[in-house]
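The values are calculated or read from the model by the stated rules, or taken from the named source; none is laboratory data. On a predicted model such as this, the values are computed, not experimentally measured, just so you know. With ideal geometry, Cβ positions are generated from the backbone for all residues, glycine too; neighbour counts draw on all protein chains shown.
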Amino acid sequence: MYTEDCVVGVVGEEPPAGRPPVQDLLTIGAFAARTRLSAKALRLYDRQGLLTPAYVDDVTGYRYYRADQAERARLVALLRQLDMPLARIAEIVELEEQQDGERAADRVAAYWAAVEARLAGQRALVDYLRAQLSGRSSELYGKFEIATVDVPEQWVLAQRRHVLADEIPLWIGASLGRLEEAARVCGGVAGAPFVTYYAEVSMESDGPAEACVPVADGGAARAWAAGQGRAWETRARLEPARRLVYTRISKAQVANPQIHAAFDAVEAWVGRQGLEVAGPCREVYFADWDAAGPEDPVCDVAFPVR
C-alpha cells in the first residue's frame, strides 16, 4: 500500500515533464523528518502559500520537496512558535526571499512589540480582576501613588464629541493630532494635551468627551476656531486654574478596566482627604504615545478638587 510518504518512481528514471529528477526530491515524510515538522503542518503551509512543494504528482497528489527548502520550512516553524498569524508570516517569508532581511527583521520586532504591549495590558487586567474577585479592591488602590498639582489658567483648543467606549482610543489619537496641528498657528502647544469626560462613557452610554490642547496665543486660538465653523465642533476657550488630584499610569494601564481602577483610586483618596470634586475627570497625556513602551508612564488620570 502506497502513502504520500512513499517515493513514486525509481532513481535514474526519466522524470515526467515539469518534475525534477526524483533523486533530487524528498517525500513529504522525509522532508518532515529533516525539518522536524509534521506532514500535517507542511500540508497547511502549502495551502497557505507559505511553503509550496517543488512538485506535486498529478495522479496521486503526493508532495515532493527539494532539500534546500528546509531552511524556509524552519523559518516558518520558528515564526509559528511566536503564535504569529500565517498572513504575517507570509509577509516576512516573502521579504526574506527578496533578500530584504532588514525589513523582515523589523516586521518581527514590530509584531513582538505588539505582543508585549498586549501581555502588559493583560497583566494589569489580571491584577484588577484578582483584587475585584477577592474583595480586596482597597489593596488595588494602594498600588497607585496619588499626588496633587496646581495647573494655571490656560487657553485651549477643544473638540467635543459624544463617544462610546470602543471609539475612544481612535478618537483621542485623531482629535488630539488635529488640534496639535492647529496649535502651530496659535503660538504652539503650551502644555500637555488632555481629555475631559463630562458624563459616563461606556459601551452603552456615549457621554460627551472633550479633547483639549493648551496653546500659547489665546487671541490666535479664538481667530482660528472662529474660522472652522462647526466642521469639527471645535472651539477655543479659557480653561480656569485648577488643583488636580492625580495618579500616573503606564501605557498598558490605559485600558478598561485598569484605567477605571486608577480613577476609583483617585476618587477614594479625594474622599479620605475631605476634599470635594470640583469638575469632570480627565486624562492628561504628557508622553509620546507612539514612542512609549507598555510599562512607560504616559498618562495622569485626575479629578479637579477644592
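Output the residues belonging to the range 43-54 that are surrounded by 19 or more Cβ atoms within 10 Å (Cβ to Cβ) and at pLDDT below 90.
Y45, L50, L51 - these are the residues of the range 43-54 that are surrounded by 19 or more Cβ atoms within 10 Å (Cβ to Cβ) and at pLDDT below 90.
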_Hits in the range 181-232 - residues which are of a type in the set (D, E) and under 19 Å from R282 (Cα atoms)_ = E200, D206, E210
*Any residue at all in the range 196-205 that is modelled with pLDDT under 95 and in contact with a Phe, Trp or Tyr (Cβ under 9 Å, 6 or more places away or on another chain)?*
no
*Wholly within the range 140-205, which strands (runs of 3 or more DSSP E) include no fewer than the required count, namely at least 1 residues that are under 26 Å from the mean Cα position of the chain (by Cα) and without any contact (Cβ under 8 Å) to a residue 60 or more places away in the chain?*
154-162
_Within the range 43-68, take every residue that is among the acidic types (D, E) and touching a strand residue (DSSP E or B) at 6+ places or on another chain (Cβ under 9 Å) and give me the one that is farthest from A90 (Cα to Cα)._
D57
*asked:* Being of a type outside the set (S, T, N, Q), within 23 Å of the chain's Cα centre (by Cα) and assigned to a strand (DSSP E or B): is that true of V213 here?
replied: no
*asked:* Restricting to the range 274-292, name every residue that is outside any strand (DSSP E or B) and touching a residue at least 12 places away in the same chain (Cβ under 8 Å).
replied: L275, E276, A278, G279, P280, C281, F286, A287, W289, A292
_Given the options E239, E233, name the one that is acidic (D, E), surrounded by fewer than 16 Cβ atoms within 10 Å (Cβ to Cβ), in contact (Cβ under 8 Å) with a residue 12 or more places away in the chain and in the same structural domain as L179 (by TED's automatic domain parsing)._
E233
*Conditions (1) within 30 Å of A292 (Cβ to Cβ); (2) part of a helix (DSSP H, G or I); (3) of a type outside the set (K, R); number of the one not met by A73*: (1)
